Amino acid sequence: MALDLIVVGCGPAGYKAAVGAARLGATVAVVEHAKPGGNCLNEGCIPTRALLHPAALIEDCNALAGRGLVGAVRGDFAAAVRHKDAVVASLRNGLPGAMQRLGIKMLRGTARFEAPGRVRVGEELLEAPRVVVATGSRPRALAEMPFDGRVVVSSHEFFSTLAGLPERVLCVGGGAIGVEAAYLARQYGARVTIVERGPRLLPGYPRVPEHVADLLEARLERLGVEVRTETQVAACRVAGDRARVSLDDGSEDDYGLVLVAVGRAANSAGLGLEAIGVRTSASGQLRTDAFLHTDVPSLFAAGDVREGPMTANAALYDGKLVVENALGGERTRANYFKVPFVVNSALEIATVGLAEAQAEAAGFAPRVAHASFGASGKARARHDYDGFIEVVHDLETGQLLGGCIVGPEAGEQILLLGAACRSERGLWFLKDLSYSHPSWCEELERAIDPYAATLARDAENLFRPGIHAGN
């Protein structure tokens, strides 16, 4: 079967690439060996958000007790799981039809490369001048505590098949998955401990400032989550429905569920990529250039399977990028600082662009404009004002470099800051807008007002483009 584009994998990157190419008139085939939607839809972003939304409402409603609400609200985890399953199924069931309406051919099975533009799926041979590998990733295991899918689980079981919560839960790893799962389990009544070998939560995310990670830790502890940093698991012994876990500080305890969330490994094996000359990193990720070409020019990699950030937001960005570069030539270089990073836990955290430390390392003279939600009318009305906005800009030129938002709907608010970073108006993009009041986003203008007034006295620096303006 001759095509314009073959996409291997139907997660966020693959689906985005296939749909984008089809809408431009390309003939496209998608190969998927598991459930359509990939990790994000089936055991990642969507089930996580479906479970976390009612979990967050428990906290919000109880915080408003005596402020218009009466009585305590508690969670029903089994009902939340049913809600999650219904949401996931409805979205997943709609994918094949959506692709069929665009003329995309969907094949179920395992893909194997016979040549750079030749992919075999069972008895069928697909041929195209360009191929996108978007096979995603899987949870990484620890040798000292292998997954059994029952007591020691990965994010796959935790967010897709777990039907109930035991009294005690251990989260090994304080990254995004660990802190989201810990918050969820605690809100539904479990006693939760997070063990993180690094010095802070979210240690592998340099775009999240240390003081933000500290604030998240304090909020989790206030809710009753025990956080133990600079600590590792020494041994784990499963007996029946319990795990006896020993830590490197000499302590031991029993847990009904142990979530191991220590990173992910790329799904690159078994595709025949080595035979056609595609190199992978030590972790199995495909090496790519700035345009997402692999070592084989006609073969692109997108999402978790390529070297780079392993997030759904980055995968969706890749999906758009490979369409531009595969169908239109080398048009756009990948720049993951443009892509928002979002964590939904006891605090919602979102970042885009450069953090202050990254900006300084890049040679800027960064300054951080800050606005606390403590002065926000909307935050006060909701009785939820722990968060803040930080906007990073260059002191000498006023160039907008990035920022961080902590608080409700941070993942939505960050899009406005990201747009400003891409704007030719830069910092002044945030001054140009007329905001609704009261709103979360109006705090962006309040944060930059003192700096904008200072810059306004120097006409030379008024309209520096944002750091990501242009290509």
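The values are calculated or read from the model by the stated rules, or taken from the named source; none is laboratory data. Just so you know, these numbers come straight off a predicted model, no measurement behind them. Here Cβ is always computed from backbone atoms with ideal geometry, including for glycine, and neighbour counts include all displayed protein chains. Ligands, DNA and RNA are stripped out before the accessible areas are found, and what is left, the full protein with its side chains, is counted by its heavy atoms. Shrake-Rupley method; radii C 1.70, N 1.55, O 1.52, S 1.80 Å.
Things worth noting here:
- For the chain, calculated [θ]222 nm from helices alone, where every DSSP H run of n ≥ 4 adds -39500 (n - 2.57): -10000 deg cm²/dmol
- Gain upon complete extension [Ala362, Asp241; 0.36 nm per residue less C-alpha separation]: 38.5 nm
- The stretch 179-193 and the stretch 28-66: distance between their alpha carbon centers, rounded to Å: 15 Å
- Amide hydrogen neighbours beyond the local backbone of Glu348, cut-off 5 Å, H modeled: Gly407
- Just the protein heavy atoms count here, and of the accessible area of the stretch 291-332 at 1.4 Å, carbon and sulfur take up 51 percent.
- Nonlocal amide H pairs with Arg264, under 5 Å, H built at 1.01 Å: Arg140
- 3J(HN,Hα) along the stretch 232-245: 10, 7, 9, 7, 9, 10, 9, 9, x, 9, 10, 10, 9, 10 Hz, from the Karplus curve 6.51 cos²θ - 1.76 cosθ + 1.60 with θ = phi - 60°, whole Hz, x for Gly and Pro.
- Accessible surface computed residue by residue for the stretch 307-448, with neighbouring protein chains in place and a 1.4 Å probe, gives 38 Å² per residue.
- Pairwise FRET efficiency - Glu409 versus Arg140, Cβ, R0 = 30 Å, nearest 0.05: 0.45
- Three-way shape label, the stretch 323-410, alpha-carbon gyration tensor, a/c 1.5: oblate
- Per residue accessible area in Å² of the stretch 1-118, where ligands, DNA and RNA are left out and the probe is 1.4 Å: 48 Å²
- Taking all protein chains into account, the per residue accessible area for the stretch 121-188 stands at 36 Å² (1.4 Å probe).
- Surface accessible to a 1.4 Å probe, Leu415 within the full protein complex, Å²: 100 Å²
- Rounded to the nearest whole Hz, the Karplus-based 3J(HN,Hα) values (6.51 cos²θ - 1.76 cosθ + 1.60, θ = phi - 60°) of the stretch 294-306 follow the sequence 7, 4, 9, x, 7, 10, 10, 10, 9, x, 4, 6, 9, with x at glycine and proline.
- Under the span-like rule (Cα at least 30 Å along the axis, Kyte-Doolittle mean at least -1.0), DSSP H helices of the chain: 77-101
- The shape of the stretch 255-377 comes out oblate: with a ≥ b ≥ c from the C-alpha gyration tensor, a/c is at least 1.5 while a/b does not beat b/c.
- Here the simple spin-label model places points 7 Å from the Cα toward Cβ, and for Ala269 and Ala290 these points are separated by 3.5 nm.
- Fully extended contour minus Cα-Cα distance, from Glu210 to Arg67, at 0.36 nm per residue: 48.1 nm
- On the basis of the beta-carbon distance and an R0 of 35 Å, Arg82 and His33 show a calculated FRET efficiency of 0.80.
- Cα centroid of the stretch 244-286 to Cα centroid of the stretch 84-129, whole Å: 26 Å
- Database remark: amide H of Gly402 closer than 5 angstrom to the amide H of Leu354, Val392 (H placed geometrically; neighbours at sequence offset of 5 or more, or on other chains; Pro and chain starts carry no H).
- The HN-Hα couplings worked out from phi for the stretch 265-278 by the Karplus form 6.51 cos²θ - 1.76 cosθ + 1.60 (θ = phi - 60°) are 10, 5, 8, 10, 7, x, 9, x, 5, 4, 5, 9, x, 9 Hz, whole numbers, x standing for Gly and Pro.
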